[in-house]
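The values are calculated or read from the model by the stated rules, or taken from the named source; none is laboratory data. Since we're looking at a predicted model, the values are computed, not measured. Don't worry about glycine lacking a Cβ; one is built from the backbone with ideal geometry, like all the others, and counts go over all protein chains shown.
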Amino acid sequence: MQDGKPGNQTGESMKNKRNIRLILAFDGTEYHGWQIQNDSKTLQGLLSEAIARITGEKAGITGSGRTDAGTHARGLAANFHTGSRIAPRQLVRALNSLLPRDVRVLSARQVPHAFHARRDAVSKVYRYQMYLGPILPPHLMREYFHYPIPVDIPKMETAARLFIGEHDFTSYAKKNAISSSATRRIFRCELKKLGRRLLLTVEGNGFLHHMVRNMAGTLLEVGRGTISLTDFQNLFSKRDRTQAGFTAPAHGLVLLKVKY
């Protein structure tokens, strides 16, 4: 799967290596998120092992951001530097031959040497998927949060629009997880009902740990009437996680796209 012997490329300096960007899709049910961990199966660990087998190099792969255990992706971006001359099209085929079927490399291409999948991202688009019907169809169970409780959709739509703009999202962060500024800019926040499916699509310049899941849980509380619109608006200034809604389960979250 490689031109030449693997050992021929491992000693090359970084300036002679290509920078390859991958676009990945995966069902994250069986994985403990993106970042490598010693005793858990992760996406970064899986990709690193596959790249090493193909190129003969121990190349570090950088993702566009961490993902929670059990979350999914349609378009996560990652990059790595390699001295291998294997063509991007062949690399896609080679990686997919080694990876499990719940992880797919959708594309690979060479990018400028300075490109960094995380630092260069302009925005990320997430979707949180909910199913409101009384019985969850089995084929949706891995990617939809079942919420069979009546909710006021128009009120939730009103609240969702209030997320747009630059705000302090301390109330929507994982408790005790903030070490720096919690200010983020949301470019788009849409709630769409398709039959019994309810989809929350959010695009922003960055996200705190659990932020989208906490946004979804809070909107559901607004829809149930346990959080008023006034109290919802005040969450930005209160900066208090305990005043916002519950953390929606990880399996309903999908990273749709990373924009550069």
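The figures follow:
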item	result
Criterion: surrounded by fewer than 20 Cβ atoms within 10 Å (Cβ to Cβ) and within 30 Å of Arg196 (Cα to Cα) - qualifying residue of Val111, Val125	Val125
Test: residue in the range 71-89 that is on the phi > 0 side of the Ramachandran plot, more than 19 Å from the chain's Cα centre (by Cα) and not in a helix (DSSP H, G or I)	no
So Asn79, is it under 21 Å from Val122 (Cα atoms) and not assigned by TED's automatic domain parsing to the domain that holds Gln129	yes
Enumeration of residues in the range 174-207 that are in contact with a helix residue (DSSP H, G or I) (Cβ under 7 Å, 6 or more places away or on another chain) and at pLDDT below 95	Lys175, Ile178, Ala182
In the range 62-102, the residues that are surrounded by 15 or more Cβ atoms within 10 Å (Cβ to Cβ) and of a type in the set (A, V, I, L, M)	Ala69, Ala73, Leu76, Ala77, Ala78, Ile86, Leu91, Val92, Ala94, Leu95, Leu98, Leu99
Residue match in the range 195-204 (condition: of a type in the set (A, V, I, L, M), buried (at least 23 other Cβ atoms within 10 Å of the Cβ), under 19 Å from Ala121 (Cα atoms) and in contact with a strand residue (DSSP E or B) (Cβ under 9 Å, 6 or more places away or on another chain))	yes
In the range 1-50, the residues that are surrounded by fewer than 16 Cβ atoms within 10 Å (Cβ to Cβ), at pLDDT below 70 and closer than 21 Å to Arg109 by Cβ	Met1, Asp3, Glu12, Met14
In the range 114-148, residue farthest from Glu203 (Cα to Cα) [restricted to those that are part of a loop (DSSP other than H, G, I, E, B) and touching a Lys or Arg at 6+ places or on another chain (Cβ under 6 Å)]	Gly133
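Let's see how each residue does on (1) over 19 Å from Pro154 (Cβ atoms); (2) in a strand (DSSP E or B); (3) touching a residue at least 24 places away in the same chain (Cβ under 8 Å):
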| residue | (1), (2), (3) |
| --- | --- |
| Ser180 | yes, no, no |
| Lys192 | no, yes, no |
| Glu221 | no, no, yes |
| Ile227 | no, no, no |
| Phe232 | no, no, yes |
| Ser237 | yes, no, yes |
